[in-house]
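The structure under discussion is supplied below as structure tokens; questions concerning it will follow.
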Amino acid sequence: MNIVVAMKQIPDLQQVRIRNRQPVLDGVPMTFGSIDKNALETALQLKEAAGGNVIVISAGTEELEDTVKEALAAGADEAYLVLDDELENIESSVSAHLLAELIKQIENIGIILFGEGSGDNYSGQVGPRIAEILGLPEVGYVCDIELEDSRVKVTRSLEDCEEIVRVNLPAVLTIMADINEPRIPSVTQILKAGKKPKQILEVEDIGLDLKGDKKIITLSSLAPENKRKQITVKNGEELVDALLTEGVIRR
Amino acid sequence: MEFKLSKEQELIQKTAKEYAEKAIEPLVNQIEDENRVPDEVIEGLRELGLLCLPVEEKYGGAGAGFEGFVVGLEQLARVSGGVGIFVSVVMLGTSTIAVHGTEEQKEKYLTGTCKGSWIPSVAMTEPDGADPRMLKTTAKKDGDHFILNGTKRFITNTNFAGPMVVFAKDADTGRINGYIVDKFCEGYSISEPWDKLGSKGAFLSDVYLKDVKVPVSNMLGTPDEGFQTLKVTMAMGKIGLSAIYLGNILAAYDEAFNYSKDRIYLGKPISQFESVRNSIVDIAMKYEAAKLMTYRIGYLADNTANKAKLVKDSAMTKIFVTETAVDVSRIAMNVFGSYGLMKDYKMSRIYRDAIVGPQIEGTANLLKTVVATDMYK
Ligand SMILES: Cc1cc2nc3c(=O)[nH]c(=O)nc-3n(C[C@H](O)[C@H](O)[C@H](O)COP(=O)(O)OP(=O)(O)OC[C@H]3O[C@@H](n4cnc5c(N)ncnc54)[C@H](O)[C@@H]3O)c2cc1C
């Protein structure tokens, strides 16, 4: 069984500095989104439990060929990539289209894993879109996976409860960040990563036009400003009154 | 000319940083108090390939070369100077054996270290000093053995089983050679550990060798190669020291920079003061200079066939980086004021660690004579 993990290349957020309220991305090395790393760890644990191959899929700029070594060092067996310098800030429908084409190249797929959201835009759309394109079942908010022959028992972490579902394979699962702690790649694996097999596709092979309005343009990435009311009170009674008036508490 | 880490080196740096922050940082106070590197840290380093970075893969090492070694060790030492010395001495022992050892010696001692449970040591220094010309420890040939006698001072990692490369004088010829002694063999004993000011964690003691029997096959190199072995050991040790104290500088930089932004004086962070800002810039410049020299010596070690030739460059790098670390710690301490003196603040440990660098692996004075001899020859 092949376990596919989709991972998105993003700048290493720990090294991004803010200048004039804008992120400075110059010289910041690329890495993968942190929940994507949880998804990869999930795949590696599934492989350790039941065998199979872990295949990373990703679409991005040419630098991705180097970035993917991080996933291969962490234990992925193989990578399928679409590389093109035009693939920066692409919109999730385009990503989904490209990744779905990559998935079609892979045989004997059991599980396709995604992080719940990417490390940059966090739209959370690509997983469900791909399930739709490929006509596969999709389960979101996954916090635990148990393999059961031709299906999986999946726990979903919902706001005030957990839901347990069974789903036939192949299936798309999008996982939560707290599902595991990704392993630290060993130096030996890091040095072997470059030698692992990679399948590389061009955008033309997929027949997609990247020109036009299929890019995401970030207008502002600032948190909305909260105006504080700064109400002054003299005693407990006034405080209660103020809280009642503001609707914070009720009688 | 390229001034950029490869992707692989970038990932080695990340692995070392992540491991140091996750697994070593929470134990730093314990390492200081108990003055030993915990077993779980040693195992973690071994599993991740961080213990034997430059050792060839066929002996169980990571095969990351000395470039990989300096980049990785910098990050480990940034979190703990003691762990830095511990790992550096492992490198020193394995490199000395890798350069001058026979295939059997490498197979046994390198594999036993990288894949087994051994931790190597190298014993040069004696109560009279670290200068090889005044060694008093003797090796007397007796059939197919040498008999070693003497006292070694300030030796690291003596408490672990594994090989110790002992430099001794041949009782008959007066020539100096390295001999591999299995620690805790008959006649091997150690003192109580020295309680040093800084870089705590790496166990340091004296070693007493009393009629220690070493098979002839455990001599490193041929009898007339001893001086070359010594030069290689001296060069390698300095590469390790440079990486450790580069990590120390980076730690001081991180601490001082963050503190300058967090410490509020009359409603504003102290980073508003030009004098504080200048201090931070001085530290940053010194870090960059030390980094260039350290990474370069890693490059040279990977690209110089005769490692004995590295003596001068490694000495210059080690003097510069360790003295810079002391300078940087002093500047960083000034950014902190009294808080930096307190044990609760990392800065106090970084300062104590920095002081150690120039006094070990050859003092700066001694090393300058080595460099000068080379320059005026
Ligand atoms: C934490 C730590 C770990 C260590 N680990 C090891 C180890 O694993 N193995 C090992 O063998 N040793 C080890 N040492 C010993 C260390 O390398 C030596 O102590 C160091 O090289 C200095 O030697 P010394 O103490 O004899 O100083 P001395 O040589 O006595 O120096 C005293 C002073 O005289 C000056 N001086 C000496 N000779 C000359 C000269 N020729 N020209 C000019 N000035 C000179 C020195 O610069 C210094 O100022 C360790 C020491 C420490 C503290």
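The values are calculated or read from the model by the stated rules, or taken from the named source; none is laboratory data. These numbers come from a predicted model, not from an experiment. Here Cβ is always computed from backbone atoms with ideal geometry, including for glycine, and neighbour counts include all displayed protein chains. The protein model used for the area step is the full one, side chains on, heavy atoms only, and it has no ligands, DNA or RNA in it. Shrake-Rupley method; radii C 1.70, N 1.55, O 1.52, S 1.80 Å.
Given (1) free of Cβ contacts under 8 Å to residues at least 60 places away in the same chain; (2) away from every other protein chain (no Cβ under 14 Å), identify the lone condition not met by A:I184.
Answer for A:I184: the failing condition is (2).
Can you tell me how many residues in region B:43-60 are at the interface with chain A (Cβ under 10 Å from one of its Cβ atoms) and among the hydroxyl-bearing types (S, T, Y)?
Result for region B:43-60: 0.
Then there's this: In region A:123-242, which helices (runs of 4 or more DSSP H) lie fully inside it and hold 3 or more residues that are open to solvent by less than 80 Å² (accessible area, probe 1.4 Å)?
Hits in region A:123-242: A:126-134, A:187-193.
Write out, first by first residue and then by second, each pair whose Cβ atoms fall under 7 Å of each other, whose residues are 6+ apart or on separate chains, and whose first residue, in region B:127-150, is within 12 Å of B:A168 (Cα to Cα) and not assigned by TED's automatic domain parsing to the domain that holds B:L209 while the second is among the basic types (K, R) and within 16 Å of the ligand (Cβ to nearest atom).
Hits for this filter: zero, empty list.
Given the residues B:S199, B:S117, B:S191, which is the only one that is closer than 27 Å to B:V28 by Cβ and crowded, with 19+ Cβ neighbours inside 10 Å?
B:S199
Quickly run through region B:170-179 and pick out the residues that are assigned to a strand (DSSP E or B) and either away from the ligand (no atom under 16 Å from the Cβ) or within 14 Å of another protein chain (Cβ to nearest Cβ) (or both).
Matches in region B:170-179: B:D170 only.
Only residues in region B:349-374 that are assigned by TED's automatic domain parsing to the domain that holds B:S242 and near the ligand (Cβ under 7 Å from one of its atoms) count as the first member; pair them with residues that are open to solvent by 60 Å² or more (accessible area, probe 1.4 Å) and at pLDDT 90 or above, Cβ under 9 angstrom, at least 6 apart or cross-chain, and list the lot.
From region B:349-374, the pairs are B:V356/B:L197; B:I360/B:F154; B:A364/B:E323.
So, one more: Name the residues in region A:8-59 that are within 13 Å of the chain's Cα centre (by Cα) and under 19 Å from B:E21 (Cβ atoms), would you?
A:T31, A:F32, A:S34, A:K37, A:N38, A:E41
To keep it simple, each residue is scored yes or no on (1) assigned to a helix (DSSP H, G or I); (2) free of Cβ contacts under 8 Å to residues at least 40 places away in the same chain; (3) surrounded by 13 or more Cβ atoms within 10 Å (Cβ to Cβ); (4) of a type outside the set (D, E, K, R).
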| site | (1), (2), (3), (4) |
| --- | --- |
| B:E2 | no, yes, no, no |
| B:Q9 | yes, no, yes, yes |
| B:I12 | yes, no, yes, yes |
| B:T15 | yes, no, yes, yes |
| B:A23 | yes, yes, yes, yes |
| B:V28 | yes, no, yes, yes |
| B:R36 | no, no, yes, no |
| B:R46 | yes, no, yes, no |
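Against the condition within 14 Å of another protein chain (Cβ to nearest Cβ), open to solvent by 20 Å² or more (accessible area, probe 1.4 Å), touching a helix residue (DSSP H, G or I) at 6+ places or on another chain (Cβ under 6 Å) and more than 30 Å from A:L169 (Cα to Cα), how does A:D66 come out, does it pass?
yes
Residue check: is B:I180 open to solvent by 40 Å² or more (accessible area, probe 1.4 Å) and modelled with pLDDT of 95 or more?
No; evaluated as a whole, the condition is false for this residue.
Consider region B:8-49. How many of its residues are touching a Gly at 6+ places or on another chain (Cβ under 8 Å) and under 17 Å from B:Y295 (Cα atoms)?
Final tally of qualifying residues: 5.
Here are some conditions: (1) farther than 22 Å from A:V187 by Cβ; (2) surrounded by fewer than 21 Cβ atoms within 10 Å (Cβ to Cβ); (3) not hydroxyl-bearing (S, T, Y). A:D77 meets all but one. Which one does it not meet?
Here A:D77 meets the rest and fails (1).
Restricting to region B:272-290, name every residue that is of a type in the set (A, V, I, L, M, F, W, C) and either open to solvent by 60 Å² or more (accessible area, probe 1.4 Å) or closer than 26 Å to B:G65 by Cβ (or both).
Once the filter is applied, which keeps residues that are of a type in the set (A, V, I, L, M, F, W, C) and either open to solvent by 60 Å² or more (accessible area, probe 1.4 Å) or closer than 26 Å to B:G65 by Cβ (or both), region B:272-290 yields B:F273, B:V281, B:M285, B:A289, B:A290.
Which ones in region A:148-181 are more than 14 Å from every other protein chain (Cβ to nearest Cβ) and of a type in the set (D, E)?
If the condition is that a residue be more than 14 Å from every other protein chain (Cβ to nearest Cβ) and of a type in the set (D, E), then A:E148, A:D149, A:E159, A:D160, A:E162, A:E163, A:D178 are the ones that fit.
While we're on this one: Is it fair to say B:G84 is within 26 Å of B:L292 (Cα to Cα), away from the ligand (no atom under 16 Å from the Cβ) and open to solvent by less than 20 Å² (accessible area, probe 1.4 Å)?
Criteria not met by B:G84.
Can I ask one more? Please work out if B:M234 is under 21 Å from the mean Cα position of the chain (by Cα), among the hydrophobic types (A, V, I, L, M, F, W, C), closer than 21 Å to B:M134 by Cβ and not assigned by TED's automatic domain parsing to the domain that holds B:D128.
Yes; evaluated as a whole, the condition is true for this residue.
When you scan region B:61-78, how many residues do you find that are within 11 Å of chain A (Cβ to nearest Cβ) and under 19 Å from B:S314 (Cβ atoms)?
6
Taking region A:69-83 on its own, how many of its residues are within 14 Å of chain B (Cβ to nearest Cβ) and either more than 16 Å from A:F114 (Cα to Cα) or out of contact with any helix residue (DSSP H, G or I) (no Cβ under 8 Å at 6 or more places or on another chain) (or both)?
Adding up the residues that qualify gives 6.
Does A:T174 fit the bill of being touching a residue at least 12 places away in the same chain (Cβ under 8 Å) and closer than 17 Å to A:L40 by Cβ?
When the stated conditions are applied, A:T174 passes them.
Looking only at strands (runs of 3 or more DSSP E) that fall completely inside region B:120-169, which ones have 1 or more residues that are under 24 Å from the mean Cα position of the chain (by Cα) and within 12 Å of the ligand (Cβ to nearest atom)?
Fully inside region B:120-169 and qualifying: B:121-123, B:145-156.
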